[in-house]
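Undergrad: The structure is given below, and queries will be raised subsequently.
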Amino acid sequence: MATVKAIQCDGCGQTASAEHLATRFRRLEWATRFRPIHVNTLVLGDVAPGDDAEFVYSDAQPFRGEARWLLRVAGIDPAGKSAEEIHHEFQRAGFFVAHVLDCPVEKEAASGADLHALIAKRLPVTFTRIRRSIKPKRLVLLGSALDRFVENFRREKLGCSLILDADGAFKLLETNESAERLRTALALAQTTSR
């Protein structure tokens, strides 16, 4: 009898089915296609959204949730534009979005200690990716699960400024106010870096 070895996803650390891996590779391809050459602002989320319409690099329209919020932050109005036009505008603005966990988490690991353990395990890889590959000027943390890891980001020598909402990560709220807070913080960081 043959034994089946479970495959662990290199983007999130979860056990991966063929469908999980196919989704990961598709999203990786989308993000790579629209990554700016010089990343001004890396928005680093805690966990990738489960719905393609919430993933800013997808071609699913209308954008919802995280994707719509990020477009507000970048000052991009998606009305009357194709997904590709929106992606190019986002790219020209110098934004790049990544997640500590590049895949949505399974329901049993979606909250509490399991989620924090997955994030803690992925942080060293994330730090290396930021330093060696992405090399942003500014780093914005997004998502409440990253609040407990803020000190880890402060201690790392990532070669970029860290932008926080008070002393924590920015939260994805469906309000213009939360997007405006981040826009204001980014504008302030840009003027102080000149």
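To keep it simple, each residue is scored yes or no on (1) out of contact with any Gly (no Cβ under 9 Å at 6 or more places or on another chain); (2) under 16 Å from GLY45 (Cα atoms).
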position: ASP102; (1), (2): no, yes
position: VAL105; (1), (2): no, yes
position: ASP114; (1), (2): yes, no
position: LYS121; (1), (2): no, yes
position: ARG132; (1), (2): yes, no
position: LEU141; (1), (2): no, yes
position: LEU146; (1), (2): no, yes
position: LEU164; (1), (2): yes, yes
position: PHE170; (1), (2): no, yes
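Undergrad: Quick test for you: out of ALA189, ALA98, pick the one residue that is within 15 Å of LEU42 (Cβ to Cβ) and at pLDDT below 90.
TA: Just a single option satisfies the conditions, and that option is ALA189.
Undergrad: Would you check if VAL125 is outside any helix (DSSP H, G or I), among the β-branched types (Val, Ile, Thr) and surrounded by 13 or more Cβ atoms within 10 Å (Cβ to Cβ)?
TA: no
Undergrad: Right, here's the next one. Here are the criteria: (1) within 14 Å of GLY45 (Cα to Cα); (2) over 15 Å from the mean Cα position of the chain (by Cα); (3) at pLDDT below 90; (4) not charged (D, E, K, R). Tell me which single one THR175 does not satisfy.
TA: Every listed condition holds for THR175 apart from (1).
Each row is one residue, and each column tells you yes or no for (1) of a type in the set (Phe, Trp, Tyr); (2) over 22 Å from ARG131 (Cβ atoms); (3) modelled with pLDDT of 85 or more.
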| site | (1), (2), (3) |
| --- | --- |
| MET1 | no, yes, no |
| ALA22 | no, yes, yes |
| ARG27 | no, yes, yes |
| THR32 | no, no, yes |
| ILE37 | no, no, yes |
| ASN40 | no, no, yes |
| VAL47 | no, no, yes |
| GLY50 | no, yes, yes |
| ALA67 | no, yes, yes |
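Undergrad: Quick test for you: out of ALA98, ALA187, ALA145, pick the one residue that is within 26 Å of HIS38 (Cα to Cα), among the hydrophobic types (A, V, I, L, M, F, W, C) and within 16 Å of the chain's Cα centre (by Cα).
TA: ALA98
The values are calculated or read from the model by the stated rules, or taken from the named source; none is laboratory data. Because the structure is a prediction, the values reported are computed rather than measured. Please note: Cβ atoms are built from the backbone with ideal geometry, for glycine as well, and neighbour counts cover all protein chains shown.
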